[in-house]
Amino acid sequence: EADIYQTPRYLVIGTGKKITLECSQTMGHDKMYWYQQDPGMELHLIHYSYGVNSTEKGDLSSESTVSRIRTEHFPLTLESARPSHTSQYLCASSESGALTGGEQFFGPGTRLTVL
Amino acid sequence: GQNIDQPTEMTATEGAIVQINCTYQTSGFNGLFWYQQHAGEAPTFLSYNVLDGLEEKGRFSSFLSRSKGYSYLLLKELQMKDSASYLCAGERQTGANNLFFGTGTRLTVIP
C-alpha cells in the first residue's frame, strides 16, 4: 500500500481566500507531481519536482504554486481562490532513479470547491 | 504533439473478457502505463509496457505496438469490482518520467 497522504480531503472555501493543499509521502521518493482532474475528464499535470528545491510547471497552466523544501513534502498553494479553481487535485510520487517505468503512487486527492 | 484516444465508455458482462483500446500520437515517449481509477478514488497502477508485445499479470494483460501507436488492456473473468475507469498514459522522455493521460474508459460490468 502506498504511503502518500493528502489533506484536507474535502475543502469548501470562499472566493479570494488563500489555501494550501498538503501532500506528504514516506517512501523516500524524489519525484513528486500535482495533477488536476475535473469529473469525467483526464488528469492534467500542473506541477512536478525532481527533488528538494526543484519545481517545474506541468502541461496545464495553473495559478497555483508549489514548493519542495523537504523530500517528503510537496504543498500546493493558491494565493486567491476562484470558482474556476474548483476541481480535484491529486498528488503523486515515483521512485528515485527510475529511468523508465517509474510507477506513480497517487494520494487520495483533495476535492476543492470555491464558492 | 501528444494525444491519447480511448473509448469513453464500455459495458461488459460478469465473467466475460473485455479489451480496452488506446491509440496515441506522440513525438517521443518511453513507454505506456495503464491505471485503474474507481469513482472518487485515486488511480492505481495496473501495468507498464516499454517493449512491443504482451505483458500478462493475472487477470489483466496489456499489449503495446510502438510502430502502430497502439495499446490495449485485456481484462479476463470480469468481476463486478472491475467496474471503474481505465486510464491509458504515455510516459514522456524526461528525467521526471512525466505522464500524459487519456480521458479514460469507464467500464461497467453487469451481472
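The values are calculated or read from the model by the stated rules, or taken from the named source; none is laboratory data. In this text the structure is predicted, and so the values were computed from the model without any measurement. Methodologically, a virtual Cβ is constructed for each residue, glycine included, from the backbone with ideal geometry; neighbour enumeration extends over all protein chains shown. Quick note on the areas: whole protein, heavy atoms, side chains included, nothing else; ligands and nucleic acids left out. Shrake-Rupley method; radii C 1.70, N 1.55, O 1.52, S 1.80 Å.
Observations on the structure shown:
- Residue identified as at pLDDT below 95, under 16 Å from A:M32 (Cα atoms), β-branched (V, I, T) and open to solvent by 10 Å² or more (accessible area, probe 1.4 Å) among A:T77, A:T100: A:T100
- Pairing each residue of the range B:82-109 that is over 16 Å from B:T23 (Cβ atoms) and facing chain A (nearest Cβ under 7 Å) with any residue that is at pLDDT 85 or above and assigned to a loop (DSSP other than H, G, I, E, B), provided the two are 6+ apart or on different chains, yields C-beta distances under 6 Å for B:A96/A:Y50.
- Residue that is within 13 Å of chain B (Cβ to nearest Cβ) and among the basic types (K, R), where the choices are A:K18, A:K31: A:K31
- Some residue of the range B:37-51 being assigned to a strand (DSSP E or B), of a type in the set (A, V, I, L, M, F, W, C) and open to solvent by 50 Å² or more (accessible area, probe 1.4 Å): yes
- Residues that are among the small types (G, A, S) and under 11 Å from the mean Cα position of the chain (by Cα) do occur in the range B:44-53, at least one of them.
- In the set (1) more than 11 Å from the chain's Cα centre (by Cα); (2) surrounded by 17 or more Cβ atoms within 10 Å (Cβ to Cβ); (3) in contact (Cβ under 8 Å) with a residue 12 or more places away in the chain, B:E14 fails one condition alone, (2).
- Residues (of a type outside the set (A, V, I, L, M, F, W, C) and either crowded, with 16+ Cβ neighbours inside 10 Å or not in a loop (DSSP other than H, G, I, E, B) (or both)) located in the range B:17-36: B:Q19, B:N21, B:T23, B:Y24, B:Q25, B:T26, B:N30, B:G31, B:Y35, B:Q36
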